[in-house]
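Accompanying notes for the structure given below.
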Amino acid sequence: LACAFMVMSGYCELTSVSSFDAGSFSSKIVTLESIQIFTTHEWLPAKPTLYFLCQGGNRTGLPDVKKVDFLYTFNGDESWQPLTELPERKCKRCGLYEEDQIKSDDVFDEWELCPGDFVDGKYVHFKEKEFNATFACPLCKPLEEGSPSSASKNEATAHGMNVALVIVISALVSIVVISGAAVGYKYWQKKKREQEQARFLKLFEDGDDIEDELSLGNTL
């Protein structure tokens, strides 16, 4: 019985460990694979203190990232990894920040981090003049066509295209209206000049007639 109990206990322990490992393996863990910053926001000549943070999550410091224009690479086993864990379908609002000793912390960028953004387990986020980072999530996959998240993204894309189309059409209409107004104004100026020239010529002709009459009167 003792042996059976030990065997059963060992089996139970092995089962629980296996379940934990399986649960950990199935979660969408996000790690930082590489990062390069292009600037810092501190006025003082001190090394920057960067951290990654998602809404509702814990702040993750990046203690190694100190130099500008230097590419830092990581293997995912660092003591401060992972950065966050993503839900099955929803996104997280995340950002890269820099501590500020005087005012509120500076923002490199904030964005929606989504499981569907990862291609082959990799996602690259670039912010001009700020930073370029590569994130890893082996279990994150692109959204499948027809899924609710994919449909919502397609709707958002279509809405964005419609807005862009409306803006383009409005700009074209504005250009046509402005061009028409400019042409009309030039035509009005031309007609006005022609009328002024005709009036001036008429006055000149009237002046000649008066001179002729005066000359004729003097002759008589």
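The values are calculated or read from the model by the stated rules, or taken from the named source; none is laboratory data. Since the structure is predicted, the reported quantities are computational estimates derived from the model, not experimental observations. Heads up, the Cβs are rebuilt from the backbone with ideal geometry, glycines too, and the neighbour counts pull from every protein chain shown.
Within the stretch 110-130, can you find the residues that are surrounded by 12 or more Cβ atoms within 10 Å (Cβ to Cβ) and either at positive phi or among the aliphatic types (A, V, I, L, M) (or both)?
113, 121, 124
Tell me yes or no: at least one residue of the stretch 141-162 is of a type outside the set (Val, Ile, Thr), in a loop (DSSP other than H, G, I, E, B), at pLDDT below 95 and within 23 Å of residue 75 (Cα to Cα).
Checked against the condition, which is being of a type outside the set (Val, Ile, Thr), in a loop (DSSP other than H, G, I, E, B), at pLDDT below 95 and within 23 Å of residue 75 (Cα to Cα), the stretch 141-162 yields at least one hit.
What are the pairs, 6+ residues apart or on separate chains, where a residue within the stretch 129-153 that is in the same structural domain as residue 50 (by TED's automatic domain parsing) has its Cβ under 6 Å from a residue that is among the acidic types (Asp, Glu) and modelled with pLDDT of 55 or more?
Between residues of the stretch 129-153 that are in the same structural domain as residue 50 (by TED's automatic domain parsing) and residues that are among the acidic types (Asp, Glu) and modelled with pLDDT of 55 or more, the close pairs are 130/109; 134/33; 136/33.
Please go through the stretch 92-102 and pick out each residue that is aliphatic (A, V, I, L, M) and assigned to a strand (DSSP E or B).
Within the stretch 92-102, just 96 meets the criteria.
Given the stretch 41-91, what strands (runs of 3 or more DSSP E) lie entirely inside it while holding 2 or more residues that are among the hydrophobic types (A, V, I, L, M, F, W, C) and surrounded by 17 or more Cβ atoms within 10 Å (Cβ to Cβ)?
50-54
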